[in-house]
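Chemist: Can you keep this structure in mind? I'll have questions shortly.
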Amino acid sequence: MNSDLAGKRVLVVGAGGGIGRATAALFVQAGGRVTGAGRPGPKLDAAAATSGAEATVLDFLDRAAVEAFFSEREPFDHVVVAAAATRSGSVGGLALDDARASMESKFWGAYHVARAAKVVSGGSITFVSGFLSHRPSGGAVLQGAINAALEALARGLALERAPVRVNAVSPGLIDTPLWDSMPDADRAAMFARTAERLPAHRVGRPEDIAQAILFVATNPFVTGTTVTVDGGGTIA
Ligand SMILES: NC(=O)c1ccc[n+]([C@@H]2O[C@H](COP(=O)([O-])OP(=O)(O)OC[C@H]3O[C@@H](n4cnc5c(N)ncnc54)[C@H](OP(=O)(O)O)[C@@H]3O)[C@@H](O)[C@H]2O)c1
């Protein structure tokens, strides 16, 4: 057990998702008192049942709800934002409304949480960005821009909110429900192609990212940075 986390109050926003759920489970295992927040539904319920986190409904796009959530509670030791609903595509191909909604979700949702979050001195806020910020893809330009914006937000907020520490963890391709809308055969082929290209010889698992989030949240000397966990995708 990570003794730094014993009894600590942790909030994971997006706890019903692949990375959020693994993070909630790891923080519970490490002794944290974890609240798993997200949109209502079977994914959030299942995450609470399997991770041991207490489930709370919170839509991070609802600014008033986010502000009320924090004003009604004691400060948290650690806040993790792993929620997002984004559409992918080229700049020319993606409908402008979908592009705006993607930024609204992943960037502004995290911004709402970070702006309202009450966090104890020396505690942490962690965003989940993504490798496209520094290894762009012509078919997912906006994703890279959103991730870069989140990473810049983490760096700036680390100064504004000090001694609260603020960081981002940037995953490579991770096998989570994010990819469930792809036909099974296409998804399997994409994972196989990626695994072949990566020095790590596999795609990521949600637990790989959860470990990095635990690291940045609990290491008192880590702030204003982005930790990339991409199986070597950046150098391959
Ligand atoms: N998986 C990858 O390959 C990968 C790679 C790079 C970066 N990332 C980033 O990692 C983060 C987590 O991704 P993931 O793979 O875990 O995706 P996921 O399994 O799709 O989880 C995303 C979660 O965000 C929640 N969410 C969406 N909109 C919300 C809202 N308005 N309020 C509250 N919760 C909301 C979803 O809730 P519902 O259950 O209601 O849909 C879902 O539980 C995302 O930012 C993603 O872009 C993922």
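The values are calculated or read from the model by the stated rules, or taken from the named source; none is laboratory data. What you see is a predicted model, and the numbers here were worked out from it, not measured in a lab. Glycine also receives a Cβ, built like all others from the backbone with ideal geometry; neighbour counts cover every protein chain displayed. Just so you know, the surface numbers come from the protein's heavy atoms only, side chains and all, with ligands and any DNA or RNA stripped out. Shrake-Rupley method; radii C 1.70, N 1.55, O 1.52, S 1.80 Å.
Chemist: Rule-of-thumb check for segment 64-113: C-alpha Rg over 2.2 N^0.38 Å?
Modeler: So segment 64-113 has a normalised radius of gyration of 1.48.
Chemist: Over the alpha-carbon set of segment 181-236, divide Rg by the Kirkwood Rh and report the Rg/Rh ratio to two decimals. Write out the running numbers ahead of the final one.
Modeler: Details: Rg = 14.2 Å, Rh = 13.0 Å.
My calculation puts Rg/Rh at 1.09.
Chemist: Take every DSSP beta bridge whose two residues both sit in segment 87-236, then give the antiparallel share in percent to the nearest 5.
Modeler: Roughly 0 percent of the DSSP beta bridges within segment 87-236 come out antiparallel.
Chemist: How big, in percent, is the set of alpha carbon pairs in segment 98-236 lying more than 23 Å apart?
Modeler: For segment 98-236, the share of Cα pairs beyond 23 Å comes to 37 percent.
Chemist: Give me the one-decimal Kirkwood hydrodynamic radius in Å for segment 10-87, with the sum taken over alpha-carbon pairs.
Modeler: 12.2 Å
Chemist: Another question, if that's okay. Per residue and in Å³, how big is the convex hull formed by the alpha-carbon atoms of segment 77-138?
Modeler: Normalising the Cα hull of segment 77-138 by residue number yields 83 Å³.
Chemist: I need the fraction of alpha carbon pairs in the chain separated by more than 21 Å, rounded to a whole percent.
Modeler: Of all Cα-Cα pairs in the chain, 54 percent lie more than 21 Å apart.
Chemist: How many percent of the accessible area of the chain is carbon or sulfur, using a 1.4 Å probe?
Modeler: Here carbon and sulfur together make up 55 percent of the probe-accessible area.
Chemist: Further, regarding this structure: Which of the helices in the chain meet the span-like rule: DSSP H, Cα axial reach of 24 Å or more, Kyte-Doolittle mean at least 0.5?
Modeler: Numbers: long enough: 141-160 (28 Å, 0.96).
Sorted by number, the helices that extend far enough and score high enough are 141-160.
Chemist: OK, next. Just tell me which aspartates and glutamates come within less than 14 Å, Cα to Cα, of Lys8; anything on the same chain fewer than 8 places away is out.
Modeler: Cα-Cα hits under 14 Å: Glu54, Glu74, Asp77.
Chemist: Taking a temperature of 4 °C and a viscosity of 1.567 mPa s, what whole-number D in µm²/s does Stokes-Einstein yield for segment 1-43 with Rh from Kirkwood over alpha carbon pairs? Mind showing how you got there, number by number?
Modeler: Numbers: Rh = 10.3 Å.
D, rounded to a whole number, is 126 µm²/s.
Chemist: Given Cβ point charges of +1 (Lys, Arg) and -1 (Asp, Glu) and nothing else, what value in debye, to the nearest 20, does the dipole of segment 58-149 about its Cα centre take?
Modeler: Dipole about the Cα centre, nearest 20: 300 debye.
Chemist: A follow-up question, please. So if I place +1 on the C-beta of Lys and Arg and -1 on the C-beta of Asp and Glu, and nothing else carries charge, what would the dipole magnitude of the chain be about its Cα centre? I want it in debye, nearest 20.
Modeler: Details: 22 positive and 22 negative charges, 70 e Å.
Here the chain has a charge dipole of around 340 debye.
Chemist: Taking the solvent-accessible surface of protein heavy atoms with a 1.4 Å probe, what is the per residue accessible area of segment 121-236 in Å²?
Modeler: 47 Å²
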